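Here, each number is a calculation from the coordinates, and none is a lab measurement. Computed from a prediction, not measured in an experiment: that's the story for all the values here. Counting neighbours? That spans all protein chains shown, and the Cβs are built from the backbone with ideal geometry, glycine included.
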Amino acid sequence: MGELKPTRQVTIEGGASGTSGFATTKLEALLAWARKWSLFKYPFVTACCGMEFMALTSPRFDGSARFGAEAPRFSPRQSDLLWVVGTISQRQAPVLKRIYEQMMEPKWVLAFGTCASCGGFYDNYATVPGIDKIIPCDVYVPGCPPRPEAVLDGLMLLQDKIQRGATGDRRPGIVKPREDPVRDLVQLRKKSSLEQGNS
């Protein structure tokens, strides 16, 4: 089939109800948009973060359905997003690597929780200190366990990375902690009460 050239243009013509219309885009941008909204996840769940992963996929948060990743694929050949959820022991490392190698390109990896990101509080010979020692990781979601909001931020960060994927950017993304607006509000109230006391 050959390589896709980023300069190749695609024109979509026609419209509904007899109206005419068209759209022009780059083929790479169209493929990146399709990949961004059709993530097929493979959950590699090993530890307590699995409960939070199940809560994320429940109707309350609906974390996967919003991103086109509602149905998990339990075959690496049918998935393109590997969720590593929980602690990875040294005995599980070859299995994880084999699953990653069986996935088709393009493929992405999301480290769910502190144990998958850096080994967590396990500082011993039996635990892998982060999955990036075994396979490349695209997004790290910290937390023990991570809040569903942080995981949704990680998915959006991955979608942005997929959209930019035509450039071959494989640098990992890290979900940064959110600023707490209530904390800032409390500081403003303290400042305003001090100012009123001085006048």
Descending packing, highest mean Cβ count within 10 Å first, for 42-54, 81-93 is 81-93, 42-54
With a ≥ b ≥ c from the Cα gyration tensor eigenvalues, square-rooted, and the rule rounded for a/c under 1.5, otherwise prolate when a/b > b/c and oblate otherwise, region 71-165 is oblate
